[in-house]
Amino acid sequence: MVGREAVLALRDIAWRAPFKRVNWGPVVLALTSAVVLYLVLVPLVVALVATFREHGYLPFEPGPLTFRNYAYVFLDATTWTLMVNTGLFAAGSLVLGMAFAILFGWLVERSDMPLRNLTFALVIAPMIIPGMMVAIAWIFLLDPRIGLINLMLRWIPGWETDRGPLDIYTLGGMIFVEGFRMVPTMFLMISAAFRNMDPSLEEASRVAGKSGLATVSRITLPLMRPAMLAALLYFFIRAIEVFEVPGVLGLNAGIHVFSTRIYWSVHPAAGGLPDYGLASTFSLILVAVSAFSVWLYYRLTRKTYVTVTGKGFRPQRVRLGRMKYLAGLLFLAYFAVTLVLPFFVLLWTSLHKFYLPPSWEGLRSMTLASYGELLKDPGVILAAFNTILLALLTGTMTMLIALFVGWFVVRSRYRLTRALDLFAFLPHALPTVVIALAVMLLYLSFPNPIYGTIVAISIALTTSYIAYGSRVMIAGFHQIHPELEEASRVSGANFFRTFWRVLLPLSAPAFINGWIWVAVHAGRELTAALMLFSPSSVVVSTKVWALWEQGRVSVASALGVVLMMMLILISWAGRSAMTRMRAF
């Protein structure tokens, strides 16, 4: 028996010895780089090849090559209409969102407005409502015929009409909805810059005799420029690729932007063959515009200003006086417009068999029939399961890849890490609709079991979110001193053991925060899911879209309410995991 144990021990040593001698760092770096290149570069190459194919052909099918798609896109007058519509939609949404984000950031971080912590929560709370549900809710509120707000406005003497006076089915209506959707995340980016700005710099300007306007233009705005440009870059790319609001509102208004044009090229309304070549050519325009935006951002932010130093400072808040009550009313109005009214009208609609404007009579006809239909529909149960699976899979895949990318970028001295960092950030300049189209063409072109599954949707979303995840993990690893890893290696631990026992626990807060963000956004994502889903991989967002197109507004609203509850549950589960980990 003793001899057998000795043989087993010697065999274990023989197996482990080669692995201990291997320097696993370069191996893992090569594997991580290969995964990132596959996720980012391969689909784009496939989409580029597709631009030279005729209508009805896949990228690598036998057949002629053509420049017809380029000729059509750049010589057709409708393309310039798309550019104008997309540009106006993006610019208008940015101006509206940035104005409120800067104002709210200054009020919360630099003024003496009361209840600032509550105000902070009220500003970011509307993030729980998916973009498609926000657009649907505003149809119920501002439809020219049946919109609740329009019905209330018609009570005003002189406005007794059958339509209006407001109309959500316009470019202005689309800008209004999308602009307010941008405010919460813009606010998070802007408020941090206000919080870290040393007010003594502005005070020195005023002591020198400069006016308030001169102080703002010469001191405040230059200090805020990196944060403002980062927000503008991120949301400009997001605005030109967003599908939910243009898809729901623009379809009825006949207003098309690039994202809806790409979708309808792949899913023609008349049921014809998809035009992958035309959709890919339109996608290249979005990629070019986004890449130019990233380049411009780096050019404009090369000159930065240090505002946080070793010298402590206490932010001095501006006294608002009686204006603080007006500021409080402004926040309440924003909260009502972005969360209370949309959620109320969705909940109200879900409790009626048919849409009825809120009234006392409507209270008597409330029913849970729409929720009962959801329980009886096997497609809804499948969609709910797939949504949870998609959120878990995408969050885990994205953050695991980001974990290794972040570590190599911060710790490794290999030259390959610069390219890895670049390619991991590249999806930030790629609209989601472009990534979804590229993934679709990749898995359509080669026989595989992935196309039409949740895995395909998750791969597209992982590609889209890897830029965010890697930035989160890079920031997290910068806070971990390298001596902790060196101590682990000196103790005899190999690369994987050090990663598992030291780095992963220490980076857990950043990892879980990133996981929550990715999982919640994957659970509410419509663009990629709508491009890639099949009957077996339907998710809640695509099911809501289908119900809405079928005219089943009550059931669609009920499912939207369920989706919001699911997103809150996913977020709560992630926060609970972080709390338990910190306690441990």
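If the condition is being open to solvent by less than 30 Å² (accessible area, probe 1.4 Å) and closer than 14 Å to ILE381 by Cα, then region 532-542 contributes SER537, VAL538, VAL539, VAL540, SER541, THR542.
Evaluated against (1) more than 19 Å from MET127 (Cα to Cα); (2) open to solvent by 50 Å² or more (accessible area, probe 1.4 Å); (3) modelled with pLDDT of 80 or more, TRP545 falls short on exactly one condition, (2).
Applying a threshold of 6 Å to beta carbon distances and a minimum spacing of six or more residues, or different chains, the list of pairs starting in region 354-373 at a residue that is within 17 Å of GLY147 (Cα to Cα) and ending at one that is open to solvent by less than 50 Å² (accessible area, probe 1.4 Å) and among the aromatic types (Phe, Trp, Tyr) reads PRO358/TRP348. Note on region 249-260: residues that are crowded, with 24+ Cβ neighbours inside 10 Å, part of a helix (DSSP H, G or I) and not aromatic (Phe, Trp, Tyr) total 2.
Looking at region 92-110 only, could you name the residues that are touching a Ser or Thr at 6+ places or on another chain (Cβ under 7 Å) and crowded, with 21+ Cβ neighbours inside 10 Å?
Going residue by residue through region 92-110, those that are touching a Ser or Thr at 6+ places or on another chain (Cβ under 7 Å) are 105, 108-109.
GLY105, VAL108, listed by residue number.
Where in region 338-399 are the helices (runs of 4 or more DSSP H), entirely inside, with at least 2 residues that are over 30 Å from GLY179 (Cα atoms), open to solvent by 20 Å² or more (accessible area, probe 1.4 Å) and not aromatic (Phe, Trp, Tyr)? Explain how you work it out, then say what you get.
Details: elements: 341-350, 360-364, 369-376.
Counting at least 2 such residues, we get 360-364, 369-376.
Among the residues of region 414-437, those identified as open to solvent by 40 Å² or more (accessible area, probe 1.4 Å) and assigned to a loop (DSSP other than H, G, I, E, B) are TYR414, ARG415. Which one is modelled with the highest pLDDT, of the residues in region 56-71 that are within 32 Å of the chain's Cα centre (by Cα) and open to solvent by less than 90 Å² (accessible area, probe 1.4 Å)? Result: TYR70. For region 555-564, the count of residues that are small (Gly, Ala, Ser), open to solvent by 50 Å² or more (accessible area, probe 1.4 Å) and modelled with pLDDT of 85 or more is zero.
Report yes if ALA239 is surrounded by fewer than 19 Cβ atoms within 10 Å (Cβ to Cβ) and under 18 Å from VAL177 (Cβ atoms), otherwise no.
So ALA239 does not fit the description; no.
If a residue must be farther than 28 Å from ALA558 by Cβ and either open to solvent by 10 Å² or more (accessible area, probe 1.4 Å) or not in a loop (DSSP other than H, G, I, E, B) (or both), how many such residues does region 111-147 contain? Steps first, answer last, please.
In the first step, residues of region 111-147 are kept if they are farther than 28 Å from ALA558 by Cβ; the result is 111-120.
Restricting the remaining residues to those that are either open to solvent by 10 Å² or more (accessible area, probe 1.4 Å) or not in a loop (DSSP other than H, G, I, E, B) (or both) gives 111-112, 114-120.
Looking only at that region, the number is 9.
Determine whether region 69-92 contains at least one residue that is among the β-branched types (Val, Ile, Thr), out of contact with any helix residue (DSSP H, G or I) (no Cβ under 9 Å at 6 or more places or on another chain) and outside any loop (DSSP other than H, G, I, E, B).
yes
Here VAL287, VAL245 are screened, and the one residue that is at pLDDT 80 or above and either in contact with a strand residue (DSSP E or B) (Cβ under 6 Å, 6 or more places away or on another chain) or closer than 23 Å to ALA135 by Cβ (or both) is VAL245.
The values are calculated or read from the model by the stated rules, or taken from the named source; none is laboratory data. Small disclaimer: the values here were computed from a predicted structure and weren't measured. Glycine gets a Cβ as well: all are built from the backbone with ideal geometry, and neighbour counts include every protein chain shown. Just the protein is used for accessible areas: all its heavy atoms, side chains included, with ligands, DNA and RNA removed. Shrake-Rupley method; radii C 1.70, N 1.55, O 1.52, S 1.80 Å.
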